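Below: the structure, in structure tokens.
The values are calculated or read from the model by the stated rules, or taken from the named source; none is laboratory data. Since the model is a prediction, treat every value here as computed from it, not as a measurement. These accessible areas exclude ligands, DNA and RNA; they are computed on the full protein's heavy atoms, side chains included. Shrake-Rupley method; radii C 1.70, N 1.55, O 1.52, S 1.80 Å.
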Amino acid sequence: MSDHRAFYEAGYSLADSGEADRMGRWRALGARSKGAHVADLCAQVQLRPTSVVEIGCGDGALLAELSARGLAPALDGFELSGPAADLARAREIPGVRRIEAYDGVRVPAEDGAYDLAVLSHVLEHVDAPAALLAEAARVARAVIAEVPLEANRSAGRPAKRSEAARIGHVQFFDRSTIHALLAGADLTLVAELSDPLPRAHHAFFAEDRSARARAGVKTAVRHAAWRAAPRRAETLFTVHYACLGEATGAARLAP
Ligand SMILES: C[S@@+](CC[C@H](N)C(=O)[O-])C[C@H]1O[C@@H](n2cnc3c(N)ncnc32)[C@H](O)[C@@H]1O
């Protein structure tokens, strides 16, 4: 875990302030989609949580988005990387009570402490996703997990795999693997969605006009393929997939 932690501590401690600023804007952009996904999943099952924990909250971009959306009056965040937890705490996000670095294994909270746990773009970064999901299910009655589905033809190309490895991905999921992970954590799937992502996402790192034009075409092609056949689309290129699981056998949270 210590090498793993060092990797994420370095990722949030960029010396180049221009690059740190750019990555901050990238995370804020991502948080808009991720926050919309959390809200959509909760709306699908009329879940109105009182307390939410984000495990692997990074620099707090998603917590800020969830706070702005009024998802829950009480929000907490736990993070493997100390510098990331410091950045998240410094935001002073309304509704946030605790943001703490932890060992990446045992979330420092009681069983059932939260109505909802969020694991957003974390499971693909860990060697033992089943254990982390089980830990989320220990501290919350419902869990939202979001991952990129990277077990597809485009993401399997060597250049894409090495880019994914560079940013710390060690798992390459498809939807059925996530379903199996949920079942293994005694969570019943109650809502799910996929998203081929907006143009702003695909164009974010485009450096010039022609790269931006290519990103526009890529977005249009992917959205058309996804609208026509969403399950086939995810075998061809990466979409973000988010799902909500509730503790099997638990009483539903009252809306
Ligand atoms: C791609 S970032 C996602 C951050 C945030 N959840 C979001 O969606 O914007 C992945 C985060 O997971 C954290 N992480 C990796 N392994 C972890 C673990 N075992 N427990 C908690 N966080 C972990 C990393 O430090 C990093 O901040």
What accessible surface, in Å², does a 1.4 Å probe find on PHE205, ignoring ligands, DNA and RNA and rounding to the nearest 10? 80
When all Cα-Cα pair distances of the chain are considered, the percent exceeding 24 Å is 46
If amide hydrogens are placed 1.01 Å from N in the peptide plane, which non-local residues have theirs closer than 5 Å to the one on PHE237? ARG153, SER154
Sorted by chain and number, the residues with a modelled amide H under 5 Å from that of ILE99, at a separation of 5 or more or across chains, are GLY77
Distance between Cα centroids, the range 37-102 to the range 111-160: provide it in whole Å. 15
Please list, in order along the range 197-212, the HN-Hα scalar couplings obtained from phi with the Karplus expression 6.51 cos²θ - 1.76 cosθ + 1.60 (θ = phi - 60°), rounded to whole Hz, x for Gly and Pro. 6, x, 4, 4, 5, 5, 9, 4, 9, 5, 8, 9, 4, 6, 5, 5
Kirkwood-based Rg over Rh for the range 139-243 (C-alpha set), two decimals? 1.01
Only bridges with both residues in the chain count here: give the DSSP antiparallel percent, nearest 5. 45
Quick one: 3J(HN,Hα) in Hz for the range 21-29, Karplus 6.51/-1.76/1.60 with θ = phi - 60°, rounded, Gly and Pro as x. 5, 4, 5, x, 5, 5, 5, 5, 4
Derived scalar couplings ³J(HN,Hα) [the range 30-40; Karplus, 6.51 cos²θ - 1.76 cosθ + 1.60; whole Hz; x for Gly, Pro]: x, 5, 5, 5, 5, x, 5, 5, 4, 5, 4
Counting only residues 5 or more places away or on other chains, whose amide H sits under 5 Å from the amide H of VAL53 once H atoms are built in the peptide plane? ASP76, LEU116, ALA117, VAL118
Can you classify the range 47-115 as rounded, prolate or oblate using the Cα gyration tensor, where a ≥ b ≥ c are the square roots of its eigenvalues, rounded means a/c under 1.5, and otherwise it's prolate if a/b beats b/c and oblate if not? oblate
